[in-house]
Amino acid sequence: MIPVIALVGRPNVGKSTMFNRLTRSRDAIVANYAGLTRDRKYGEGKIGDQRFMLVDTGGISGEEEGIDTLMAQQSLQAIDEADVVLFMVSSRDGLTAADHIIAKQLRQRGKKTYLVANKVDGMDPDMAVMPFYELGLGEVFATTATHGRGVKSMMESVLAELPASEEDPAEPEATGIKMAIVGRPNVGKSTLVNRMLGEDRVVVYDLPGTTRDSVYIHYERFDKPYTIIDTAGIRRRKNVSLTVEKFSIVKTLQAIDDANVVILVIDASEGVVEQDLHLMGTIIDAGRALVVALNKWDGLDEGHKQYVKNEIDRRLRFIDFANIHYISALHGTGVGNLYKSIEQAYQSATDKLSTSFLTQVLQDAVAEHQPPMINGRRIKLRYAHAGGSNPPIIVIHGNQTAKVPAHYVRYLEKTFRRALNLRGTPVRIEFKSSD
Ligand code: GDP
Ligand code: GDP
């Protein structure tokens, strides 16, 4: 499973700057989806061949002990579940009382911690790190998150001690489509999973397919195999009730990464909230196929239903590639219909795309709308081939491809989507230039 790194530190030391730098490779993709929240808390990064997930735990002030806010609780839980912690401090400010308190908390939690002294720009890095040795957390790495100085070598030290993650989620063999059912606490994930597994025609296997954290539930439905990645110990839970503490960001991220198709559950009675959008950002970053389930559709009056539908039109435009289902996990309404979208999303995400067909689509698209001129020279797009699946990657070769404007990329994406009949999966367009 993909390793998870938690970013910790008091406010203003440079955590979000570091986060953006380390997950920047994905930013360009996310930028293509207008409306997606920019203030992200989890993201995927890659250094060399090593992939990792990064969780910005938000500013923990060091004074959470006793404060039972959900935010602090989830930050601390993310720390416990992450593989390692990057504890950031600011060289500008020197060692502060809050740093001491956070260090103490981290030591108590026994988590492998790397101490990062940020904002060393304009300072002698060797001097800048000195005061922080007092924290007793071993080597202090000097970084400038704003310019990236020291970041790569710090990350190489961190990643060298982590288990390597495998590339690409495995092709389904006997396990069928791997599904992650994700959503914030209490939206009805456990109810949905129990409903899916409790259907007539479903045969659940108790294979020993357990991994470190999540449980992989294998089952068959109409003789077709599927696997649900159970992030919340759903099957071990006897009574489905308020279980906020069962929600795990880290397991959710890993499940998204390992799944073929993600089912994002949203509580229709509460509408679309910030945390739903964060999760969507992560799903898109990971390139996963997506089906959205608006749950608790029972018991809503017509006015509220209309409100939720408007809300979705407004806020979920950037995932208009995904099918949306209105369901009641509690009563089972609409649950069986999810499978049609799951199958379709999976097919779209994994279909083999031939070079000749992709090139034909590209040439037709270019004939219909030429790419713009750059400094008096027209951008040339010559041929296309598949560069990967789940998500499908379409690699386009041509000249001056770095200059292709965003709106033209969107036009190409839309055209490929339509021609290839892709539904339920993000698509990535990459360019290779011969000049
Ligand atoms: P967070 O609250 O810990 O997430 O901190 P931010 O990433 O929002 O950074 C707080 C401020 O410090 C911003 O104005 C950043 O531009 C600035 N900052 C972050 N990293 C550096 C750095 O390496 N050097 C300098 N000089 N400023 C930085
Ligand atoms: P999880 O934390 O996402 O796993 O959510 P649970 O499955 O534990 O459900 C949280 C609460 O919502 C429970 O009280 C469920 O009975 C309730 N719930 C789940 N699905 C539905 C639904 O479709 N309709 C209604 N009205 N309540 C539901």
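A short reminder: the numbers here are calculations on the coordinates, not readings from a lab. Here the structure is a predicted model, which is why all the values come from computation and not from measurement. Note that each Cβ is placed from the backbone with ideal geometry, even for glycine, and that neighbours are counted across all protein chains shown.
Can you return the lysines within cross-link range of K305? Criterion is Cα-Cα under 19 Å, with same-chain partners fewer than 8 residues away left out.
The reachable lysines, counting only those whose Cα sits under 19 Å from K305, are K296.
Would you mind computing, in nm to one decimal, how far apart the modelled labels at D301 and Q360 are, each placed 7 Å from Cα along Cα→Cβ?
Each label point is offset 7 Å from its Cα along the Cβ direction, giving 5.5 nm.
Check each of the trypsin sites (Lys or Arg not before Pro) in the stretch 316-381 and keep only those in coil by DSSP with at most 13 other C-beta atoms within 10 angstrom; list them in order.
Within the stretch 316-381, the qualifying trypsin sites (Lys or Arg not before Pro) (loop, at most 13 other Cβ atoms within 10 Å) are K352.
Using Cβ contacts closer than 10 Å as the measure, can you line up K432, K224, K251 from fewest to most?
In increasing order of surrounding Cβ atoms, one gets K224, K432, K251.
For the stretch 249-333, which GluC sites (Glu not before Pro) are both in a DSSP coil and crowded by at most 13 other Cβ atoms within 10 Å? Kindly include the intermediate steps, with their values, before the conclusion.
Working: sites: E270, E274, E302, E311; in loops: E270.
Counting only loop positions with at most 13 other Cβ atoms within 10 Å, the GluC sites (Glu not before Pro) in the stretch 249-333 are E270.
From the backbone phi of the stretch 295-312, what are the Karplus-calculated ³J(HN,Hα) couplings (6.51 cos²θ - 1.76 cosθ + 1.60, θ = phi - 60°) in whole Hz, Gly and Pro given as x?
After applying 6.51 cos²θ - 1.76 cosθ + 1.60, I find 8, 6, 5, 5, x, 8, 7, 4, x, 5, 4, 5, 4, 5, 5, 4, 4, 5 Hz.
What nm distance separates the two modelled labels at E274 and R382, each placed 7 Å from Cα along Cα→Cβ?
It is 4.9 nm.
With r defined as the distance between the Cβ atoms of F222 and R423 and R0 fixed at 25 Å, what FRET efficiency is calculated, to the nearest 0.05?
Efficiency, rounded to the nearest 0.05: 0.75.
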